[in-house]
1. For the stretch 85-96, what does the Karplus curve 6.51 cos²θ - 1.76 cosθ + 1.60, with θ = phi - 60°, yield as ³J(HN,Hα) per residue in whole Hz, taken in order and with x for Gly and Pro?
2. Starting from the amide H of VAL133, placed 1.01 Å from N in the peptide plane, find each other amide H under 5 Å away whose residue is 5 or more places distant or on another chain.
3. Please report the equivalent ellipsoid semi-axes of the stretch 85-153, computed as sqrt(5 x eigenvalue) of the Cα gyration tensor, largest first, in whole Å.
4. Using alpha carbons only, what's the Rg to Rh ratio of the stretch 27-142 with Rh from Kirkwood?
5. Please report the net charge: other residues with Cβ closer than 12 Å to the Cβ of ILE85, K and R +1, D and E -1.
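Every read-out reported here was derived from the displayed coordinates using simple, explicitly stated rules and does not represent laboratory data. All values reported here derive from a predicted model rather than from experimental measurement. Don't worry about glycine lacking a Cβ; one is built from the backbone with ideal geometry, like all the others, and counts go over all protein chains shown.
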Amino acid sequence: SGTRGAALKMLHHIRSVSVHPNAESAVEDVAYVAMSARLQAAMDILRGVRDRGERALVFIEHIKMQHRFIELVKREFGLSRVDLINGSTPIPRRQEVVTRFQRHLKRDEGFDVLVLGPKAAGTGLTLTAATHVIHLSRWWNPAVEEQATDRAHRIGQEKSVQVHRLIAEGTIEDRIASIHETKRELADAIVSTGEAALT
């Protein structure tokens, strides 16, 4: 119904605002990042990743934020290129991006960042050159988020992977985290019951 559609649209807007209160603002980089605690946290994490010469996958749902984030990261860290895989990325281009990112397994070239849309990342991508996964926002469905995270946990991963989920207390993101926990507990209970029935 129209009411349900309007409610979902409003929830999407609230989630977008929780990432950045004015994502389309044209202010310069420092001021733009300062407007969002979530962006500040992501940049702090990336500084640590850079200092260790490692690589990160950053999952961002909102398309405009994906592009702005890439520009922020390029300027902040002096990277000439930061690639993006989202729902608009053609399959051949996806493979090109994956191959470029995975080159670090053969010849480690240090710090690198790849930005992805969470749903686009659930399509069998292997990105084991990453040792950090950052979720700028949370998905309603924990399975989508776990599929995204698993891009770095694929067969062939030889290092530990740190997962960073950015949650602001008392916000809709905090509520989504509670929903995730409830869904995981329910899934675990169902699996445990099913396994017990088989023994």
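1. Residue by residue, the stretch 85-96 yields 10, 9, x, 8, 6, x, 3, x, 5, 4, 4, 4 Hz.
2. LEU57, GLN162, VAL163, HIS164
3. Numbers: eigenvalues 83, 42, 18 Å².
Working through the eigenvalues yields semi-axes of 20, 14, 10 Å.
4. 0.94
5. After counting each charged neighbour, the total is +3.
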